[in-house]
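> One structure coming up, written as structure tokens, with questions to follow.
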Amino acid sequence: MKKEQVVNCQFSVWYPIFKKHTIKSLILPLPQNVIDYLLDDGTLVVSGSDHNTQQTHMNNSDSNAEEDIQWSDDETTTTVTAPEFPEFTSKVLEAINALGGRVFPKLNWSAPRDANWIALNSSLQCHSLSDIFLLFKSSDFIAHDLTQPFLVCSDQDSPDPVINYELVLRKWSELIPGGEFRCFVKENKLIAISQRDYTQYYQHISKQEEQICQAIQEFFSQHIQYNFLDEDFVFDVYRDSLGRVWLIDLNPFGEVTDSLLFSWEELASGGEISQQQVSHRETCSSGPWQKLRTVSLVITWFSLHAQEGPAFRYTTSEVTVQPSPCLSYRIPRDFVDLSAGEDAYKLIDFLKLKKSQQEDSEEEEEEEEENAPQ
């Protein structure tokens with residue numbers, strides 16, 4: 001995979017070519033001060049909100065004695081002000097309204113799929129700039145786009161191309177995960193198709209295997225083949241309830257892109273992909289971030305449809321369902337419950353535990369003082 005291939009897979013490069021066959025989107029240049037804000041590793045203060053974030057520690061001695069928690073002996077208040085970008089904010093709000101008030105955000109290549117856990121609705125659906133900033137600042141995928149987009153390219157000795165970063169806003173569409181497929185193209189030939197959300201079993205895929213494969217092949221030959229800038233690439237499609245196929249995204253043909261139910265060794269070999277069924281994979285690459293995620297050791301079987309057309313793999317049984325690959329980016333469930341206010345009893349227990357620990361510590365100090373030699 002060359003750096004030029006990564007550049008060609010930027011949204012603003014391929015969208016004008018396939019605009020008729022994908023979701024309506026708007027592209028906004030990303031100002032440098034916004035990029036700096038997204039890369040800032042300091043306190044997570046979300047810009048674009050109506051109020052500043054205040055961190056306050058105070059003495060609660062006047063509250064009910066039984067439930068009293070002593071946070072601090074002194075009252076101190078620290079105000080952290082979020083940076084503001086008036087001109088950029090205005091453009092983003094105008095674009096969101098033009099797209100119906102709900103958008104799916106991404107940068108030149110990636111969407112913050114690894115950060116949906118931090119959103120109140122656990123969704124990438126955004127209504128404001130603050131929604132977008134919250135997802136972007138919490139996403140390793142976005143950080144990768146901004147800092148090392150050419151990490152695994154083979155031509156590392158060549159200078160990095162200049163990247164003009166952009167905010168991509170896509171009209172929100174309710175896509176059923178079972179209708180998404182990833183397609184692998186080598187030398188302008190469609191060689192493989194994989195179920196996109198392979199962690200789940202979708203009964204309709206096995207029932208409509210031939211129709212799905214045929215529809216994707218027709219879409220590729222009519223609209224995609226020979227129209228892209230490279231002859232090796234990966235594209236994602238969505239097949240709706242009427243059988244129509246829509247282009248969702250394009251990605252480089254290489255390790256920076258998740259190979260899902262295939263391995264990059266077999267995809268890049270240049271030979272025919274094995275027609276034998278695939279057994280379990282204990283680990284698989286997590287894309288450009290060079291991490292390995294552990295998956296279930298239960299034997300996992302996938303269907304492989306390989307006649308004269310592309311190999312087609314999908315999950316064939318509920319027994320094979322695996323954890324989501326984005327789970328490794330999340331925080332413990334208890335923290336999510338606390339932040340979302342879904343389990344007040346956990347918060348109460350946590351505060352009582354902290355109080356108990358403080359009391360135990362004070363008792364130990366008193367005992368040490370009493371037993372200290374005079």
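> Can you pull out the residues in the stretch 153-168 that are of a type in the set (S, T, N, Q) and either within 16 Å of Trp14 (Cβ to Cβ) or in contact (Cβ under 8 Å) with a residue 24 or more places away in the chain (or both)?
Ser154, Ser158, Asn164
> Give the number of residues within the stretch 179-204 that are farther than 21 Å from Glu266 by Cβ, at pLDDT 95 or above and either assigned to a helix (DSSP H, G or I) or not charged (D, E, K, R) (or both).
So the count comes out to 1.
> For the stretch 121-165, name all the residues that are surrounded by fewer than 16 Cβ atoms within 10 Å (Cβ to Cβ) and among the charged types (D, E, K, R).
Matches in the stretch 121-165: Asp155, Asp157, Asp160.
> Those residues that are in contact with a Ser or Thr (Cβ under 9 Å, 6 or more places away or on another chain) and in a helix (DSSP H, G or I), I need them from the stretch 214-264; list them, please.
Listed by number, the list holds a single entry, Trp264.
> Still on this structure, I have one more. State yes or no: is Asp131 among the charged types (D, E, K, R), outside any loop (DSSP other than H, G, I, E, B) and modelled with pLDDT under 95?
Yes, satisfied.
> Okay, next question. Considering only residues that are loosely packed, with under 14 Cβ neighbours inside 10 Å and of a type in the set (D, E, K, R), look in the stretch 172-207 and name the one that is nearest to Glu255 (Cα to Cα).
Among residues in the stretch 172-207 that are loosely packed, with under 14 Cβ neighbours inside 10 Å and of a type in the set (D, E, K, R), the one nearest to Glu255 (Cα to Cα) is Glu187.
> List pairs: first residue in the stretch 104-128 and at positive phi, second residue outside any loop (DSSP other than H, G, I, E, B) and not hydroxyl-bearing (Ser, Thr, Tyr) anywhere in the structure, Cβ distance under 6 angstrom, at least six positions apart or on different chains.
Ser122/Asn116
> Continuing with this model, one more query. With the requirement that a residue be over 25 Å from Met1 (Cα atoms), buried (at least 16 other Cβ atoms within 10 Å of the Cβ) and small (Gly, Ala, Ser), what does the stretch 215-257 give you?
Ala215
> So which residues in the stretch 207-220 are more than 27 Å from the chain's Cα centre (by Cα) and of a type outside the set (A, V, I, L, M), if there are any at all?
Looking only at the stretch 207-220, we keep the residues that are more than 27 Å from the chain's Cα centre (by Cα), and these are 207-211, 214-215, 217-218.
Within the stretch 207-220, Lys207, Gln208, Glu209, Glu210, Gln211, Gln214, Gln217, Glu218 qualify.
> Between Val234, Val256, which is in contact with a helix residue (DSSP H, G or I) (Cβ under 7 Å, 6 or more places away or on another chain) and hydrophobic (A, V, I, L, M, F, W, C)?
Val256
> Let me ask you something else. Asp145 fails exactly one of the following numbered conditions: (1) out of contact with any Phe, Trp or Tyr (no Cβ under 8 Å at 6 or more places or on another chain); (2) in the same structural domain as Val103 (by TED's automatic domain parsing); (3) part of a helix (DSSP H, G or I). What is the number of that condition?
(1)
The values are calculated or read from the model by the stated rules, or taken from the named source; none is laboratory data. Predicted, not measured: the structure shown is a model, and the values here were computed from it. Positions of Cβ are backbone-derived with ideal geometry, glycine not excepted, and every protein chain shown enters the neighbour counts.
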